[in-house]
Ligand SMILES: *Cc1c(COP(=O)(O)O)cnc(C)c1O
């Protein structure tokens, strides 16, 4: 049977044509004309003070924490159930990630958990739009304002999502986007930092190019200005090749999201009555970008057996996100029981803009069959017979 991959990037002839133009221009590196045009477009689209393109979202998170002045030993509260990039970024600046548990229904950080973890050393919060669904920014911002904390939105998965009528990516003073091949808009690898305060953007842009600004710009100045290196910077620039691809992808967000929406709606219709599964929940005040479609299996279902069966039929699947606090690198003694439970029971099934309705039907049927075959109820009934 024809395989159905978990993910598939929608990159086509228009993206290829954009790349060909960059080749012809002779400037494939970062912070050139394509990169600048993309930054201007992102700043306008999101209505922010500045947009800085970056090599990936992990780099954007690092730049955000540097620009916000996080110092070694500071505590930053991070959403626990996520790809663990936020906690990694906190460690890049020798600060301490403090793991906040999440809502059981959305998997996004629980505002009360954040409030309970605030200490005199807390400087900020990184909320995550988990798998594409925005977190509770109204409540989070109110908590942050009471305690003078920053909020960073990790919108890596959420390009195209909305919260209370506003776009994910513009829900906090600093937001970070990912354009990795698994996300809703992609250049293979890529990212961006969006900042309401242009000074944060300027700081991030400078640090993303070894602390000396755009080499492309320097080449155009009359005379021979020689930049001085006054700070340790990084090379976190997005190439102009990637920027050109993203210009095409940004124009396709609505088309691609409509496809993902249709896939999600079809899964919901086909699987709503399956008692061994809980389907993704989308509160009324927000919309999902469907970076992933993740179902929660009943506690009595053997997830590995289900995954093995799906993969055996050529159907891609994965565990969804991670409980960050249990990852060995963080040596944490905290507990986030809801996150740990989602990490144990969640299953991501194929979600991308190229899925056909026949494929969605095949996945739903296979999943239903597999959870029934591998649930404790079935196994014990079988054993008794
Ligand atoms: C994918 C992802 C990242 C990392 O993005 P990269 O662009 O691959 O660095 C960060 N945070 C979250 C929540 C993600 O899902």
### Query
Out of (1) surrounded by fewer than 24 Cβ atoms within 10 Å (Cβ to Cβ); (2) at pLDDT 95 or above, what's the single condition that is false for residue 1?
(2)
### Query
For segment 290-330, which residues satisfy the criterion of being within 15 Å of the ligand (Cβ to nearest atom), touching a residue at least 60 places away in the same chain (Cβ under 8 Å) and part of a loop (DSSP other than H, G, I, E, B)?
290, 291, 292, 320, 321, 327
### Matching residues in segment 141-190 - criterion: being closer than 20 Å to residue 251 by Cβ, in a loop (DSSP other than H, G, I, E, B) and away from the ligand (no atom under 16 Å from the Cβ)
170
### Query
How about segment 91-138: which of its residues are closer than 26 Å to residue 282 by Cα, part of a loop (DSSP other than H, G, I, E, B) and touching a helix residue (DSSP H, G or I) at 6+ places or on another chain (Cβ under 8 Å)?
101, 103, 104, 106, 107, 108, 110, 136
### Query
Counting only residues that are within 16 Å of the ligand (Cβ to nearest atom) and part of a loop (DSSP other than H, G, I, E, B), which one in segment 57-90 is nearest to the chain's Cα centre (by Cα)?
83
### Message
Against the definition (assigned to a helix (DSSP H, G or I), in the same structural domain as residue 271 (by TED's automatic domain parsing), touching a helix residue (DSSP H, G or I) at 6+ places or on another chain (Cβ under 6 Å) and surrounded by 21 or more Cβ atoms within 10 Å (Cβ to Cβ)), how does residue 370 come out, yes or no?
### Response
yes
### Query
Looking at 178, 208, 214, which one is buried (at least 17 other Cβ atoms within 10 Å of the Cβ), closer than 22 Å to residue 27 by Cα and within 23 Å of the chain's Cα centre (by Cα)?
208
## Note on the structure
The residue that is nearest to residue 372 (Cα to Cα), considering only those in segment 258-273 that are more than 16 Å from the ligand (Cβ to nearest atom) and in contact with a strand residue (DSSP E or B) (Cβ under 9 Å, 6 or more places away or on another chain), is 271
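The values are calculated or read from the model by the stated rules, or taken from the named source; none is laboratory data. Keep in mind that what you see is a predicted model, and the values were worked out from it rather than measured. Virtual Cβ from ideal backbone geometry, glycine too; neighbours counted across all protein chains shown.
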